[in-house]
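Below is one structure; the comments refer to it alone.
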Ligand SMILES: [Fe+2]
Ligand SMILES: [Fe+2]
């Protein structure tokens with residue numbers, strides 16, 4: 001492999017590994033939120049949070065599989081520490097902001113992959129950005145419902161089953 005090709009491949013692997021580390025952090029953060037919602041007895045909200053944490057697990061695996069396909073080593077450390085102590089009022093705005101940051105960063109990483117000539121990795125980013133957009137929409141809508149409808153919205157979730 002030429003030096004130039006090797007540099008491009010290293011750049012793509014770094015982009016994929018950064019995204020994988022972001023996914024690993026999201027998994028821990030959303031699992032933590034899943035347990036909080038479960039503790040507060042908002043069953044339906046807890047179930048949905050758990051499903052989103054599982055989406056992030058799938059993303060972490062998809063990035064790792066692509067790294068392996070191009071002979072890189074997939075990292076296993078989250079990009080940062082999770083935040084504890086959220087309340088029902090600030091949990092969803094926090095998660096919506098996290099998804100927004102993720103979408104912005106993945107768009108930049110997608111462009112890096114494309115500029116490095118790796119359209120398969122770029123397409124993977126594009127596919128995952130679409131799913132992060134769905135997560136953002138859900139978190140943002142839920143934050144709005146809690147802010148505007150507070151008790152009546154939460155009353156519907158209170159005491160519902162937390163197993164799916
Ligand atoms: Fe994700
Ligand atoms: Fe997400």
*Would you point out which residue out of 115, 65, 61 is within 16 Å of ligand 1 (Cβ to nearest atom), out of contact with any strand residue (DSSP E or B) (no Cβ under 8 Å at 6 or more places or on another chain), without any contact (Cβ under 8 Å) to a residue 40 or more places away in the chain and within 25 Å of residue 6 (Cβ to Cβ)?*
65
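Quick grid of which residues meet (1) touching a helix residue (DSSP H, G or I) at 6+ places or on another chain (Cβ under 7 Å); (2) on the phi > 0 side of the Ramachandran plot; (3) crowded, with 23+ Cβ neighbours inside 10 Å:
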{"position": "5", "(1), (2), (3)": "no, no, no"}
{"position": "8", "(1), (2), (3)": "no, no, no"}
{"position": "15", "(1), (2), (3)": "yes, no, yes"}
{"position": "18", "(1), (2), (3)": "yes, no, no"}
{"position": "21", "(1), (2), (3)": "no, no, no"}
{"position": "26", "(1), (2), (3)": "yes, no, yes"}
{"position": "34", "(1), (2), (3)": "yes, no, no"}
{"position": "43", "(1), (2), (3)": "yes, no, no"}
{"position": "49", "(1), (2), (3)": "yes, no, yes"}
*Hey, among the residues in the stretch 118-141 that are closer than 25 Å to residue 6 by Cα and assigned to a helix (DSSP H, G or I), which one's farthest from ligand 1 (Cβ to nearest atom)?*
119
*Identify all residues within the stretch 115-155 that are farther than 30 Å from residue 67 by Cβ, touching a helix residue (DSSP H, G or I) at 6+ places or on another chain (Cβ under 8 Å) and more than 16 Å from ligand 2 (Cβ to nearest atom); write none if there are none.*
145, 146, 153, 154
*Is there any pair with a first residue in the stretch 118-136 that is closer than 14 Å to residue 11 by Cα and a second that is assigned to a helix (DSSP H, G or I) whose Cβ atoms are under 6 Å apart and which are 6 or more apart or on different chains, and what are they?*
118/12; 121/12; 121/66; 121/113; 122/110; 122/113; 122/114
*What is the one condition in (1) under 17 Å from the mean Cα position of the chain (by Cα); (2) buried (at least 17 other Cβ atoms within 10 Å of the Cβ); (3) touching a residue at least 40 places away in the same chain (Cβ under 8 Å); (4) within 16 Å of ligand 1 (Cβ to nearest atom) that residue 80 does not satisfy?*
(2)
*How many residues does the stretch 41-81 hold that are within 16 Å of ligand 2 (Cβ to nearest atom) and in a loop (DSSP other than H, G, I, E, B)?*
3
*Taking the stretch 142-160 on its own, how many of its residues are surrounded by 12 or more Cβ atoms within 10 Å (Cβ to Cβ) and part of a helix (DSSP H, G or I)?*
12
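Rule-based calculations on the coordinates, nothing more; no lab input. What you are looking at is a predicted structure, and each value in this text was computed from that prediction instead of being measured. Positions of Cβ are generated from backbone atoms using ideal geometry, with glycine treated the same way; all protein chains shown enter the neighbour counts.
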